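S.K.: The structure that follows is given in the form of structure tokens.
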Amino acid sequence: MTPRAPSLPPDERRAEIVRAARPLLLELGGSFTTKQVAEAAGIAEGTLFRVFPTKRDLMQAVIADAMDTTVIVRDLDAIDRTAGLETRVMLTVGRLQRSIDEVSAVFAALFQIPSPEADELRHKPKEHTPEGQALHEARAQELHAAIVRVLETDAQRLTCSPEEAASLVRGMAFATSHPHISDRRLTDAARIAQLLLHGMTKEDPC
């Protein structure tokens, strides 16, 4: 029998279950069981079902958690503003790449599930509703603003606005990391930062 879990506020319990479920989804695809998730979270299966009545509800929560920008925004805000601009860009690119890898891994696991339920999860996410689209756009703006904050202390050194620079940084991270876009030839965050800040051409000889 699973030992009785300590009492947690509902939001913390929900987050704990989602954290336990994600690695099981990545490892086992849709074949993971709610019992396995409960064991990984250190709770009884009945406790899990009080939070997520169905496995589908749990999988939707894992997807939503993967798409949530709260953690990456916090990590970007934690980047040392006294570090050099190239270092800050490198750290930003690296953190964005890691986030893209994590989200891609979740969806790759979903695509291994040959069931109508998984099809609905893959093709009819909540982001396709007006409310979901508004949330998606708000998160995108929050992420963009966080990148701007990393760059704006060196605004005078940039040849474009910090807002434009943030779009370039995010776009490069996406293009070099997304499994359906990247050719994997340029993935090193330090090299990407160097190219973003110094360009592809050499200075003309005097």
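Read-outs throughout are calculated quantities, based only on the coordinates presented, and are distinct from any laboratory measurement. Being a predicted model, the structure only gives us computed values, none of them experimental. Positions of Cβ are generated from backbone atoms using ideal geometry, with glycine treated the same way; all protein chains shown enter the neighbour counts.
S.K.: Rounded to whole Å, give me the distance from the Cα center of the stretch 149-188 to that of the stretch 1-61.
M.R.: For the stretch 149-188 versus the stretch 1-61, the Cα centre distance is 36 Å.
S.K.: Applying 1/(1 + (r/R0)^6) with R0 = 41 Å to the Cβ-Cβ distance of Asp188 and Gln36, what FRET efficiency is obtained, to the nearest 0.05? Walk me through the intermediate numbers first.
M.R.: Numbers: r = 36 Å, r/R0 = 0.89.
It comes out at approximately 0.65.
S.K.: Take the Cα pairs of the stretch 135-206, get the Kirkwood Rh, then feed it into Stokes-Einstein at 25 °C and 0.890 mPa s and tell me D in µm²/s. Working shown, then result.
M.R.: Working: Rh = 13.7 Å.
Answer from the Stokes-Einstein relation: 179 µm²/s.
S.K.: Right, something else. Within 10 Å, at most 15 other Cβ atoms, and a DSSP state outside H, G, I, E, B define an exposed site. Report the longest part of the chain free of exposed trypsin sites (Lys or Arg not before Pro). Don't skip to the end; give the middle numbers.
M.R.: On the way: sites that count: Arg4, Arg81, Arg184, Arg185, Lys202.
Result for the longest clean stretch: 82-183.
S.K.: Give me the extension gain from Arg81 to Ala145: residue separation times 0.36 nm, minus the current Cα-Cα distance, reported in nm with one decimal. Walk me through the numbers on the way to the answer.
M.R.: On the way: separation 64, 0.36 × 64 = 23.04 nm, distance 1.50 nm.
Extra length from Arg81 to Ala145 when fully extended: 21.5 nm.
S.K.: Let me ask you something else. Viscosity 1.567 mPa s, temperature 4 °C: what is the translational diffusion coefficient of the stretch 69-200 from Stokes-Einstein with a Kirkwood Rh over Cα pairs, rounded to a whole number of µm²/s? Spell out each step's value before the answer.
M.R.: Details: Rh = 16.0 Å.
After rounding, the answer is 81 µm²/s.
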